[in-house]
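**Q** Quick one: structure below, then a few questions.
The values are calculated or read from the model by the stated rules, or taken from the named source; none is laboratory data. These numbers come from a predicted model, not from an experiment. Cβ atoms come from the backbone with ideal geometry, glycine included; neighbour counts cover every protein chain shown.
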Ligand code: ADE
């Protein structure tokens, strides 16, 4: 996958190069990340990228010209170098975007290239939204100083889903949210630490029992912490019964 990031602060993305999953993915040629400074696409002496809002109001707005030129230049490079045809996703990171989720990460991981556009200041000229970007993503209901940290979140969540990036092919499969549920509790050695023991079933070697225990724990944890997720997930009738039983139990304890 090729990812091009358009930003006023390319240096912020240096941290993607520190040792870890990402470095491995780059070394193995599974992903290529290019950063582009939007300011390089200005033509005036002072390299101005923002201006006052028409109609007044506080804050500066990112001008359309350098953004259009930067995106068009990157897209033409992708068409040329990658021999790609068709639409290239151009994603604006903004608190007004659709809420980012594991589902969207999966959807984005199926593309061969992505262009991420980081907004700054009080916003971007609306024509960028209307005529340039194909998607808008928010990483949560809070306002960051710019889209850079949001772009890093998206890049991280997407890259770890690319085949071959994680050590074992299935290590993303049980992730919280991949299954629609929160992940079950995990333990490693020692089997006893400060008197706290690992659940017996995990030491049993009985794979079916382990799988059943994990599924039940994932259901319990999701019910306790994010009950609304259970409305969206497909459960067997046995699992629905279990969830109902657990709900009644916790209702019982509240009434008591
Ligand atoms: N830019 C500023 N805040 C943001 C958010 N919550 N998500 C994505 N981009 C942003």
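**Q** State all residues of region 100-120 that are in contact with a strand residue (DSSP E or B) (Cβ under 8 Å, 6 or more places away or on another chain) and modelled with pLDDT of 95 or more; if no residue qualifies, say none. If you could, list the steps in order and put the result at the bottom.
**A** Pass one, region 100-120, residues in contact with a strand residue (DSSP E or B) (Cβ under 8 Å, 6 or more places away or on another chain): 100, 104, 108, 112-120.
Passing the criteria: 100, 104, 108, 112, 113, 114, 115, 116, 117, 118.
**Q** Just one of 153, 128 is in a helix (DSSP H, G or I), closer than 30 Å to residue 73 by Cα, within 15 Å of the ligand (Cβ to nearest atom) and out of contact with any helix residue (DSSP H, G or I) (no Cβ under 8 Å at 6 or more places or on another chain); which is it?
**A** Values: 128 fails: out of contact with any helix residue (DSSP H, G or I) (no Cβ under 8 Å at 6 or more places or on another chain).
The unique qualifying residue is 153.
Per-residue answers, yes or no, for (1) part of a loop (DSSP other than H, G, I, E, B); (2) more than 24 Å from the chain's Cα centre (by Cα); (3) at pLDDT 95 or above; (4) at negative phi:
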| residue | (1), (2), (3), (4) |
| --- | --- |
| 178 | yes, no, no, yes |
| 184 | yes, no, yes, yes |
| 208 | no, yes, yes, yes |
| 215 | no, yes, yes, yes |
| 219 | no, no, yes, yes |
| 248 | no, yes, no, yes |
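**Q** Take the residues of region 26-46 that are part of a helix (DSSP H, G or I) and out of contact with any strand residue (DSSP E or B) (no Cβ under 6 Å at 6 or more places or on another chain): which is nearest to residue 13 (Cα to Cα)?
**A** Initial filter on region 26-46 (part of a helix (DSSP H, G or I)): 26-27, 38-41.
Narrowing further to those that are out of contact with any strand residue (DSSP E or B) (no Cβ under 6 Å at 6 or more places or on another chain): 26-27, 39-41.
Details: 26: 14, 27: 17, 39: 16, 40: 17, 41: 19 Å.
Looking at residues that are part of a helix (DSSP H, G or I) and out of contact with any strand residue (DSSP E or B) (no Cβ under 6 Å at 6 or more places or on another chain), I get 26.
**Q** Oh, and also: When region 131-147 is examined, which residues are found to be within 8 Å of the ligand (Cβ to nearest atom) and either assigned to a loop (DSSP other than H, G, I, E, B) or over 21 Å from residue 102 (Cβ atoms) (or both)?
**A** 139, 140, 141, 142, 143, 144, 145, 146, 147
So that you can scan it fast, the table gives a plain yes or no per residue for (1) surrounded by 14 or more Cβ atoms within 10 Å (Cβ to Cβ); (2) under 22 Å from residue 101 (Cβ atoms); (3) out of contact with any strand residue (DSSP E or B) (no Cβ under 8 Å at 6 or more places or on another chain):
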residue: 176; (1), (2), (3): yes, yes, yes
residue: 203; (1), (2), (3): no, no, yes
residue: 208; (1), (2), (3): no, no, yes
residue: 235; (1), (2), (3): yes, yes, yes
residue: 242; (1), (2), (3): yes, no, yes
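**Q** Further question on the same structure: Surrounded by fewer than 17 Cβ atoms within 10 Å (Cβ to Cβ), farther than 19 Å from residue 20 by Cβ and touching a strand residue (DSSP E or B) at 6+ places or on another chain (Cβ under 8 Å): does that describe residue 124?
**A** Against the criterion (surrounded by fewer than 17 Cβ atoms within 10 Å (Cβ to Cβ), farther than 19 Å from residue 20 by Cβ and touching a strand residue (DSSP E or B) at 6+ places or on another chain (Cβ under 8 Å)), residue 124 does not qualify.
**Q** Tally the residues that are surrounded by fewer than 18 Cβ atoms within 10 Å (Cβ to Cβ), in a loop (DSSP other than H, G, I, E, B) and within 15 Å of the ligand (Cβ to nearest atom), restricting the search to region 97-112. Steps first, please.
**A** Pass one, region 97-112, residues surrounded by fewer than 18 Cβ atoms within 10 Å (Cβ to Cβ): 98-99, 101-103, 106-107, 110-112.
With in a loop (DSSP other than H, G, I, E, B) added as a condition, the list becomes 101, 110-112.
The next check asks that each one be within 15 Å of the ligand (Cβ to nearest atom); those that pass are 101.
Within region 97-112, residues that are surrounded by fewer than 18 Cβ atoms within 10 Å (Cβ to Cβ), in a loop (DSSP other than H, G, I, E, B) and within 15 Å of the ligand (Cβ to nearest atom) number 1.
**Q** What number of residues in region 62-96 are in a loop (DSSP other than H, G, I, E, B), more than 16 Å from the ligand (Cβ to nearest atom) and closer than 24 Å to residue 122 by Cα?
**A** 1
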